[in-house]
1. Within segment 21-39, work out how many residues are of a type in the set (A, V, I, L, M) and in contact with a Ser or Thr (Cβ under 6 Å, 6 or more places away or on another chain).
2. Among the residues of segment 44-64, which ones are touching a residue at least 12 places away in the same chain (Cβ under 8 Å) and not hydrophobic (A, V, I, L, M, F, W, C)?
3. Given the conditions (1) in contact with a Ser or Thr (Cβ under 8 Å, 6 or more places away or on another chain); (2) open to solvent by 70 Å² or more (accessible area, probe 1.4 Å); (3) farther than 15 Å from residue 118 by Cβ, report the number of the one that residue 64 does not fulfil.
4. If the requirement is being under 18 Å from residue 101 (Cβ atoms) and of a type in the set (Ser, Thr, Tyr), which of these qualifies: 53, 62, 7?
5. Mind checking whether some residue in segment 72-85 is without any contact (Cβ under 8 Å) to a residue 24 or more places away in the chain, closer than 14 Å to residue 25 by Cβ, among the acidic types (Asp, Glu) and open to solvent by 20 Å² or more (accessible area, probe 1.4 Å)?
6. Within segment 1-14, take every residue that is more than 10 Å from the chain's Cα centre (by Cα) and among the hydrophobic types (A, V, I, L, M, F, W, C) and give me the one that is most open to solvent (accessible area, probe 1.4 Å).
7. Under 19 Å from residue 92 (Cα atoms), in a strand (DSSP E or B), in contact (Cβ under 8 Å) with a residue 40 or more places away in the chain and not hydrophobic (A, V, I, L, M, F, W, C): does that describe residue 19?
8. Before we move on, is residue 30 open to solvent by 40 Å² or more (accessible area, probe 1.4 Å), without any contact (Cβ under 8 Å) to a residue 12 or more places away in the chain and either in a strand (DSSP E or B) or more than 26 Å from residue 121 (Cα to Cα) (or both)?
Amino acid sequence: QVQLVESGGGLVQAGGSLRLSCAASGSIVSIRTMGWYRQAPGKQREWVARIASGGSTNYTDSVKGRFTISRDNAKNTMYLQMNSLKPEDTAVYYCNADLSYYRNGWIVSDDNWGQGTQVTVSS
């Protein structure tokens, strides 16, 4: 089994910063692309940023220049540094990982999600 656990969410004033973390644990063989998604109340989940195993990154337009995604492959951990936060960034943030792991003696590939962490930006 594999588990993704997010942390670092909270309440911050507009213009402030937060750093989210996503730690993957379990019988992991390899992690390919990791990403952050968010879901605001009453809205669909949307993609925020992704990072490949080699470090290349992509961002949705609304966070470019404000958010930075990174990862520590040795720790199976991904980060999202969020600066200049706006009220419209308020959402539950989820991490996602495309990875391979051992299950019953086999290596399986799967798309895994964390449980989410709340980010609230007050105006």
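1. Matching residues across segment 21-39 total 2.
2. Filtering segment 44-64 down to residues touching a residue at least 12 places away in the same chain (Cβ under 8 Å) leaves 45-53, 55, 57, 60, 62-63.
Answer for segment 44-64, where residues must be touching a residue at least 12 places away in the same chain (Cβ under 8 Å) and not hydrophobic (A, V, I, L, M, F, W, C): 45, 46, 50, 53, 55, 57, 60, 62.
3. (1) is the only condition that residue 64 fails.
4. Details: 62 fails: under 18 Å from residue 101 (Cβ atoms); 7 fails: under 18 Å from residue 101 (Cβ atoms).
Being under 18 Å from residue 101 (Cβ atoms) and of a type in the set (Ser, Thr, Tyr) holds for just one of 53, 62, 7, which is 53.
5. Restricting attention to segment 72-85, the residues satisfying the condition of being without any contact (Cβ under 8 Å) to a residue 24 or more places away in the chain are 72, 74.
From the residues that got through so far, the ones that are closer than 14 Å to residue 25 by Cβ too are 72, 74.
With the extra rule that they be among the acidic types (Asp, Glu), the set shrinks to 72.
Checking which are open to solvent by 20 Å² or more (accessible area, probe 1.4 Å) leaves us with 72.
Yes, segment 72-85 contains a residue that is without any contact (Cβ under 8 Å) to a residue 24 or more places away in the chain, closer than 14 Å to residue 25 by Cβ, among the acidic types (Asp, Glu) and open to solvent by 20 Å² or more (accessible area, probe 1.4 Å).
6. Here is the first cut: in segment 1-14, the ones more than 10 Å from the chain's Cα centre (by Cα) are 1-3, 8-14.
Then keep just the ones that are among the hydrophobic types (A, V, I, L, M, F, W, C); that gives 2, 11-12, 14.
Details: 2: 26, 11: 132, 12: 23, 14: 53 Å².
The extreme case among them is 11.
7. Details: under 19 Å from residue 92 (Cα atoms): yes; in a strand (DSSP E or B): yes; in contact (Cβ under 8 Å) with a residue 40 or more places away in the chain: yes; not hydrophobic (A, V, I, L, M, F, W, C): yes.
Taking the combined requirement at face value, the residue satisfies it.
8. On the way: open to solvent by 40 Å² or more (accessible area, probe 1.4 Å): yes; without any contact (Cβ under 8 Å) to a residue 12 or more places away in the chain: no; either in a strand (DSSP E or B) or more than 26 Å from residue 121 (Cα to Cα) (or both): yes.
No.
The values are calculated or read from the model by the stated rules, or taken from the named source; none is laboratory data. These numbers were taken from a predicted model, which means no experiment stands behind them. A quick note on method: Cβ atoms are made from the backbone with ideal geometry, for glycine too, and the neighbour counts reach across all protein chains shown. Surface areas here come from the heavy atoms of the whole protein model, side chains and all, with no ligands, DNA or RNA. Shrake-Rupley method; radii C 1.70, N 1.55, O 1.52, S 1.80 Å.
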